[in-house]
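Working notes, beginning with the structure itself.
The values are calculated or read from the model by the stated rules, or taken from the named source; none is laboratory data. Please read these numbers as outputs of a predicted model, since none were measured by experiment. Using ideal geometry, Cβ is built from the backbone for each residue, glycine included, and neighbour counts are taken over all protein chains shown.
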Amino acid sequence: MKTKLILTTLLTGAFCLVMCSSGPSAPADLSSSAPWPDQLVGKWEGAIGGARYVEHWNKVDANTYEGSAVTYDGDKAVSSESMRITLFSDHWLYLANPGGQGVSCFVRCSADTTTWIFENKEHDFPKRVGYRITGDALTAWIAGKDDADNRMEFPLKRAK
């Protein structure tokens, strides 16, 4: 099982880099040494449009973080998504699999100690995925061609 997971990650990463890095509009990646992903590990919760939204992130190894997001209406899960942030070929990738409908890949285009932004200009929507951590607050967002275009925010707090 672990071999299959590693192989899937490598193949998806290679495909993603080819798709996201072709042409002059490919985002430049920054140093892979930023410590930010470790801050993401844990459980985050918030209210989104009257529903409860929960993200869980785990550190798999030094270069891979796996996440899940579930939206609840009361006690009933109404949507889910699997995510992975992984370092592949000197680029941080954000892989999203909403509801098991296929994997979308985004390449990190911006980073500092509190914020990471991933981009895939070829994706229909979103084209950008961002995470900002300030203390026990996490703001996740998706957006179109820039961070203001059709932006949808997910304000979350670290859950105990």
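From the list Glu81, Glu55, Glu66, pick out the single residue that is in contact with a Lys or Arg (Cβ under 7 Å, 6 or more places away or on another chain), charged (D, E, K, R) and surrounded by 13 or more Cβ atoms within 10 Å (Cβ to Cβ).
Glu66
Somewhere in the stretch 63-80, is a residue touching a Gly at 6+ places or on another chain (Cβ under 7 Å) and under 18 Å from Trp44 (Cα atoms)?
The answer is yes, given that some residue of the stretch 63-80 is touching a Gly at 6+ places or on another chain (Cβ under 7 Å) and under 18 Å from Trp44 (Cα atoms).
For the stretch 3-21, does any single residue satisfy the condition of being among the aromatic types (Phe, Trp, Tyr) and at pLDDT 95 or above?
No, the conditions are met nowhere in the stretch 3-21.
Would you pick out the residues in the stretch 126-151 that are in contact (Cβ under 8 Å) with a residue 24 or more places away in the chain and assigned to a strand (DSSP E or B)?
Listed by number, the residues that qualify are Val129, Tyr131, Ile133, Leu138, Ala140.
With the checklist (1) in a strand (DSSP E or B); (2) within 24 Å of Gly144 (Cβ to Cβ) in hand, flag the one item Glu66 doesn't pass.
Of everything listed in (1) in a strand (DSSP E or B); (2) within 24 Å of Gly144 (Cβ to Cβ), Glu66 misses just condition (2).
Go through the stretch 63-82 and count every residue that is closer than 23 Å to Val107 by Cα and touching a residue at least 24 places away in the same chain (Cβ under 8 Å).
4
Within the stretch 84-125, which strands (runs of 3 or more DSSP E) (wholly inside it) include 2 or more residues that are among the small types (Gly, Ala, Ser) and surrounded by 14 or more Cβ atoms within 10 Å (Cβ to Cβ)?
Fully inside the stretch 84-125 and qualifying: 104-111.
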